[in-house]
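The values are calculated or read from the model by the stated rules, or taken from the named source; none is laboratory data. Since the model is a prediction, treat every value here as computed from it, not as a measurement. We place every Cβ from the backbone using ideal geometry, glycine too, and count neighbours over all the protein chains shown. Note: areas computed on protein heavy atoms with side chains; ligands, DNA, RNA excluded. Shrake-Rupley method; radii C 1.70, N 1.55, O 1.52, S 1.80 Å.
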Amino acid sequence: MAVGESDEGATGAPTTTTTTTTAKAASKIGEVVDVTMHPLVLLSAADHYHRVAKGTRKRVVGVLLGQVVRGKIDCLNSFAVPFEEDSRNPAVFYLDHNYVENMFRMFRKINTKERVVGFYSTGPSIRPNDLRIFDVIQPFTKESVTPPVFCIIDIRPDRPDLPITAYKVIEEVSRKDGQMKVERSFAHVPCQMGAVEAEEIGVEHLLRDINDPTVSTVASLIKGKMSGLATLTEKLVEAKDYLEAVGRGDLKAHPEIIDNLQTIINLLPNLNQEDLVRSMIVKTNDMMAAIYLASIIRTVIALHDLINNKIRYGDDGAEKPKPPAPAKVVEEEKKEESAKAGESDKKDEAKS
């Protein structure tokens, strides 16, 4: 069992984060290049939160399992860890490291290639205890020269962008009261989503079973397009701010970023060509014609239903009785009933 309570010092102050816009190549052994998160980890973290802390302001913590190749971390699996922290005193927390050791030993029996690569939290932001949790998890990563990473998995459903944020621990030397002091803080690490073929198939089957009857298909498509456009706008504003900062001299121009922006600009279509303008107009007219035809059909069907209701219920709203059937129809029904009765009598006689 581990109850963390630290003194004032390197870990006592609130942690600070530094944002990096691009992934730097690993310049030395043990440096984290990027983090790839697999769908199984996200599903496990969401299930962990809904089982333990749903409807509360608490967060959950778990251990990330995976592989490390040349500084690139693949988070393939995870497991939950018993965790509690005091909201009034952030220096006190509880983490069962014996549970972590036993679970990791059992996971190694299933897959020997997976090892501890870090830990996750549902955040949604960095807290002072995260550096102390890092100290608890770090002894389980002695087999690797790459230090563990810290990932915040945001389980809120209304988040439009990627729900994961990865961090690594960096050490900085600062001078305070005339003394040199080493302070640790979290720095951003580039992260992305990845999946093997089996995981992609499983996610497709899982999403196929999720159906909200209150949301129509058209509404969901429009909502998805709006979310995509909002994310695109956010990325464009971020690129604009970066270019303006480079133009003012606040930031240095990074060749890789400039090359990617130039590639994006080169891929944009030339809207001044007459053939392209004509094609866009024809496509728009075709779509509008289909929408107009669908509106007419919908109106005709609504009028048809209205006429049927008027015939059935009348102006006063009372349902009218059905008209009596013609005499010929009544006679035919009687003949059919008598024929069926005769056949049943013959069957009874044959059985007796």
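Structure data summary
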item: Val218 vs. criteria more than 29 Å from Asp158 (Cα to Cα) and assigned to a helix (DSSP H, G or I); result: no
item: Members of the range 47-68 found to be hydrophobic (A, V, I, L, M, F, W, C), within 26 Å of Pro147 (Cβ to Cβ) and open to solvent by 10 Å² or more (accessible area, probe 1.4 Å), listed by number; result: Val68
item: Extreme residue, most open to solvent (accessible area, probe 1.4 Å), among residues of the range 175-212 that are more than 24 Å from Gly71 (Cβ to Cβ) and part of a strand (DSSP E or B); result: Arg175
item: Failed item in (1) more than 24 Å from Gly71 (Cβ to Cβ); (2) surrounded by 12 or more Cβ atoms within 10 Å (Cβ to Cβ); (3) of a type outside the set (A, V, I, L, M, F, W, C), with Glu172 passing the rest; result: (1)
item: Every residue from the range 111-135 that is buried (at least 21 other Cβ atoms within 10 Å of the Cβ) and either without any contact (Cβ under 8 Å) to a residue 40 or more places away in the chain or among the hydrophobic types (A, V, I, L, M, F, W, C) (or both); result: Val116, Val117, Phe119, Leu131, Ile133, Phe134
item: Failed condition for Pro163, given (1) free of Cβ contacts under 8 Å to residues at least 60 places away in the same chain; (2) surrounded by fewer than 20 Cβ atoms within 10 Å (Cβ to Cβ); result: (1)
item: Some residue of the range 279-288 being at pLDDT below 90 and open to solvent by 90 Å² or more (accessible area, probe 1.4 Å); result: yes
item: First in the range 227-242 and under 21 Å from His254 (Cβ atoms) and modelled with pLDDT of 90 or more, second anywhere and among the β-branched types (Val, Ile, Thr) and open to solvent by less than 90 Å² (accessible area, probe 1.4 Å), Cβ under 9 Å, 6 or more apart; result: Ala239/Ile257; Tyr242/Ile257
